[in-house]
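Data first, discussion second: the structure below is written as structure tokens.
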Amino acid sequence: MSINPKQIVISILETNSKMLEVLGHALKPFEISLQQFNVLRILRGQKGVAANLSTVQERMVNRMSNTTRIIDKLIDKEYVERSICKNNRRKIELFITEEGLSLLKKVDPIVDQAEAEILQSLKPIEQEELFTLLKKINI
């Protein structure tokens with residue numbers, strides 16, 4: 001059976017859309033978007049070391065997102081703190097706050113559960129195969 005490449009691409013896009021929907025629904029009670037969640041995880045991964053805007057942008061899952069706007073919203077919610085670098089006044093430093101860390105402690109298990117539900121129809125070996133195939137096309 002020969003599958004048209006267009007069918008594969010459409011299937012991947014449909015799967016992406018469904019995954020975004022499920023994860024967005026899991027985050028909705030916490031009033032944060034998937035992009036905001038991603039930024040918080042990036043900043044938590046810094047382990048207290050300052051991050052700058054370009055560091056966050058490089059690590060974003062969706063690099064097309066407006067990172068500055070996302071960070072501004074997280075600052076408004078008091079999940080992220082922004083300060084001016086003491087050594088270079090043109091450089092902005094970003095840190096996750098205690099409130100941001102506390103939120104992630106609540107959200108992480110819920111997102112983990114949503115991710116498990118997304119993949120529940122695949123056996124562990126199939127999940128490994130899918131991961132390997134996606135990495136091949138994720139240039």
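Nothing in this text is a laboratory measurement; each read-out follows from the coordinates by a stated rule. Computed from a prediction, not measured in an experiment: that's the story for all the values here. Counting neighbours? That spans all protein chains shown, and the Cβs are built from the backbone with ideal geometry, glycine included.
Worth pointing out:
- Lysines whose Cα lies under 30 Å from that of Lys91, excluding same-chain neighbours fewer than 8 positions away: Lys47, Lys73, Lys77, Lys105
- Among Val49, Leu103, Leu130 - extreme Cα towards positive end, dipole of the chain, charges at beta-carbon: Val49
- Near Ile42, once Lys and Arg are set to +1 and Asp and Glu to -1 for all other residues with Cβ below 11 Å from its Cβ, the sum equals +2.
- Integer Hz, Karplus 6.51/-1.76/1.60 couplings in order for region 112-127, x for Gly and Pro: 4, 5, 4, 5, 5, 5, 4, 9, 4, 7, 9, 5, x, 5, 5, 5
- Highest average packing first - 54-60, 7-13, Cβ atoms within 10 Å: 54-60, 7-13
- C-alpha long axis of helix 5-27 to longest principal axis of the chain, angle in °: 50 degrees
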